[in-house]
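Participant: Sending over a structure as structure tokens; questions will come in a sec.
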Amino acid sequence: MSESVQENVQENAEANGNELTTQGQTTTDTSGQSDLLREVMAKKDKIRGLESQLAELQTKEEKRRQERMQQDGKKDELISELQGQVESLSPFKERLETYEANRRQALLERLPESKQEKFKGHPIDVLEDLANEYATATPVKVDNQSPGSYGGYTSMKEWAESDPKSYKQSTRIKKGIMIGYGK
């Protein structure tokens, strides 16, 4: 059954190829080329759909074959077949696990240390998003005032409250008046 479906897909692909070559030879203007391009894209989509249907049919057929083998008492053959599949796929599984572990570690290293333990068990796509968020530099507030304008404090009020002596001295020298203090 799957062979007949496969043959149909191949025949459709060949027919599509023949249609495209005849149409490509007859149209030479740009509007014809865009129509041809649309048609080619539609055919590609149709082929992708047929390929996915074929894959589904093949998996269903494989399941039916395995069920028949179980019913016919050929369980040993089925077990050996499945073990062969497992053995052939295990190197790929190991490579994938190694890649994921390395990728996860690289993404965790891009996060701040305080967040690494918290997000250790999250999926890789979440870690990628978080790493990208933390990688973008947050704008830093820059104080454009001279370093000594508030005596090292963030505001004049804080300076006056924390160090009134130097505040009085600095305001007398610069302005000649005292702010917030009387004589």
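The values are calculated or read from the model by the stated rules, or taken from the named source; none is laboratory data. Please read all numbers here as calculations on a predicted model, not as lab measurements. Here the Cβ is made from the backbone with ideal geometry for all residues, glycine too, and neighbour counts use every protein chain on show.
Participant: Taking the conditions exactly as written (at pLDDT 75 or above and either loosely packed, with under 11 Cβ neighbours inside 10 Å or small (Gly, Ala, Ser) (or both)), does Lys175 satisfy them or not? Walk me through how you get there before you give the answer.
Facilitator: Values: at pLDDT 75 or above: no; either loosely packed, with under 11 Cβ neighbours inside 10 Å or small (Gly, Ala, Ser) (or both): yes.
Considered against the rule, which asks whether it is at pLDDT 75 or above and either loosely packed, with under 11 Cβ neighbours inside 10 Å or small (Gly, Ala, Ser) (or both), Lys175 comes out as no.
Participant: Still on this structure: Would you confirm, using the coordinates I've provided, whether Tyr167 is at pLDDT 70 or above, under 30 Å from Asn102 (Cα atoms) and either in contact with a strand residue (DSSP E or B) (Cβ under 6 Å, 6 or more places away or on another chain) or among the aromatic types (Phe, Trp, Tyr) (or both)? Write out each step before concluding.
Facilitator: Working: at pLDDT 70 or above: yes; under 30 Å from Asn102 (Cα atoms): no; either in contact with a strand residue (DSSP E or B) (Cβ under 6 Å, 6 or more places away or on another chain) or among the aromatic types (Phe, Trp, Tyr) (or both): yes.
When the stated conditions are applied, Tyr167 does not pass them.
Participant: Here is a further query. Looking at (1) among the aliphatic types (A, V, I, L, M); (2) under 20 Å from the mean Cα position of the chain (by Cα); (3) modelled with pLDDT of 90 or more, can you tell me which one Val86 breaks?
Facilitator: In the conditions (1) among the aliphatic types (A, V, I, L, M); (2) under 20 Å from the mean Cα position of the chain (by Cα); (3) modelled with pLDDT of 90 or more, Val86 misses (2) alone.
Participant: Being touching a helix residue (DSSP H, G or I) at 6+ places or on another chain (Cβ under 9 Å), at pLDDT 90 or above and surrounded by 13 or more Cβ atoms within 10 Å (Cβ to Cβ): is that true of Lys74 here?
Facilitator: no
Participant: Pairs needed: first member in the range 47-60, touching a residue at least 40 places away in the same chain (Cβ under 8 Å); second member anywhere, surrounded by 12 or more Cβ atoms within 10 Å (Cβ to Cβ) and among the small types (Gly, Ala, Ser); C-beta distance under 7 Å; at least 6 residues apart or different chains.
Facilitator: Leu57/Ser2; Gln58/Ser2
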